[in-house]
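Some notes on the structure that comes next.
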Amino acid sequence: MKFVFAAIVALVALVAVTGFAAADRLPNATPENQLFSIDTVIDVTGAVDDKTTMSWVIAGPGAIPTGILGAGQTIADVTFKDAILTNGGKLAENKNFDFNSQNQLKGLYNIEQQKVLTYASTEGAHMVGEEEYTLSVAGNYATAADNIRCVFSQNHGGILPAFCNIVSAKSSLVNVNSAQISTKGQIRAVAETADVPAALNYQIAVTPDANSGSGFAEGTVSTVFAGSIMEARDGGKTNYYRNGEDTDDRGDGDYKTATWNKTAATNTWKDSTTVTGGIKTLQKAFAYQSGFQKLS
């Protein structure tokens, strides 16, 4: 008897706009703007080996550091890979990959890929594949501009805190004999102003091949969404101690210990799904963004 597994997961979303829980300041673009697109259309009965990979590191202001980040400096490290491999069978694939290194606004992205494929096994052939997006952003402290501050800032002239955040989205295909699969991924890693957040979005849908006649996709599909967040707090209101009492004026005494370089929040999370057998429906969607709030 054929094993039937139906899974529907509508949305996994993480949105952070506070300077306490996950707030990225993105590096800005270099003067040279790089744009390229890769479009792939495949319709074949036979073996297929199709791969796309990309690694992108950008820092600002200044060059990519060899050691500790300088004051006010941020760095974004992006990796992307997509691979499909078959040892036969019929594959129809349409894939579009776009890269734009210029500063992006909210709702726009530096990396975007969309893919739709249909696979049907012949003579015992099968398909394997993997798709992965990783966004890592880290930054040292910076002085807040007049129009930007952490939500918990005590004044406009506060210190934007240090941070080190990494998130990833990955899907894997193993021994797929029949399926229709669509995916979409987006990454934003550079921006001109601190109110534009870092972002990573990913969606995957697996449904039966309408021509198979079985009503089920067949194989093993896995997804893993994960993140690791480390955040400090901003410098807050300037306080001094005098005669053992906390005062608001600039009297003699010791300056209050800064918090912009002290870990104030950690958050590690992981979401994983694996389905095997006859798959009627599998849908997973992940949306992440991290940034500071702009004052009105």
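The values are calculated or read from the model by the stated rules, or taken from the named source; none is laboratory data. Nothing here was measured: the structure is a model prediction, and the numbers come from that model. Quick reminder, even Gly has a Cβ in these numbers, built from the backbone with ideal geometry, and neighbours come from all protein chains shown. For accessibility, only protein heavy atoms count, side chains too; no ligands or nucleic acids. Shrake-Rupley method; radii C 1.70, N 1.55, O 1.52, S 1.80 Å.
When the residues of the stretch 248-282 are filtered to those that are of a type in the set (Val, Ile, Thr) and open to solvent by 80 Å² or more (accessible area, probe 1.4 Å), the one that is modelled with the lowest pLDDT is 257. Tallying residues that are over 30 Å from residue 211 (Cβ atoms) and surrounded by 18 or more Cβ atoms within 10 Å (Cβ to Cβ) within the stretch 78-106 yields 7. Within the stretch 40-65, being among the β-branched types (Val, Ile, Thr) and in a loop (DSSP other than H, G, I, E, B) holds for one residue alone: 64. Residues in the stretch 41-71 that are more than 19 Å from residue 176 (Cβ to Cβ) and aliphatic (A, V, I, L, M): 41, 54, 57, 58, 59, 63, 64, 68, 69, 71.
Among the residues of the stretch 53-74, those identified as open to solvent by less than 40 Å² (accessible area, probe 1.4 Å) and either over 16 Å from residue 200 (Cα atoms) or among the acidic types (Asp, Glu) (or both) are 58, 59, 60, 65, 69, 70, 72, 73, 74. Among the residues examined, residue 109 does not qualify as modelled with pLDDT of 95 or more, hydroxyl-bearing (Ser, Thr, Tyr) and open to solvent by less than 20 Å² (accessible area, probe 1.4 Å). Counting just the residues of the stretch 112-160 that are acidic (Asp, Glu) and either open to solvent by less than 40 Å² (accessible area, probe 1.4 Å) or within 30 Å of residue 43 (Cα to Cα) (or both), which one comes out modelled with the lowest pLDDT? The extreme case among them is 123. Please identify the pairs in which a residue from the stretch 174-197 that is farther than 30 Å from residue 211 by Cα has its Cβ atom under 7 Å from the Cβ atom of a residue that is part of a strand (DSSP E or B) and of a type outside the set (A, V, I, L, M, F, W, C), counting only partners at least 6 apart or on another chain. Filtered contacts from the stretch 174-197: 186/112; 186/201; 187/133; 195/294; 197/289; 197/290. For the stretch 198-235, which positions are closer than 16 Å to residue 127 by Cα and part of a strand (DSSP E or B)? If the condition is that a residue be closer than 16 Å to residue 127 by Cα and part of a strand (DSSP E or B), then 206, 207, 217, 218, 219, 220, 221, 222 are the ones that fit. The set of residues in the stretch 179-218 that are open to solvent by less than 10 Å² (accessible area, probe 1.4 Å) and of a type in the set (Gly, Ala, Ser) comprises 179, 185, 189, 191, 198, 199, 217. Of the residues making up the stretch 286-296, those that are open to solvent by less than 40 Å² (accessible area, probe 1.4 Å) and either at pLDDT below 80 or more than 12 Å from the chain's Cα centre (by Cα) (or both) number 2.
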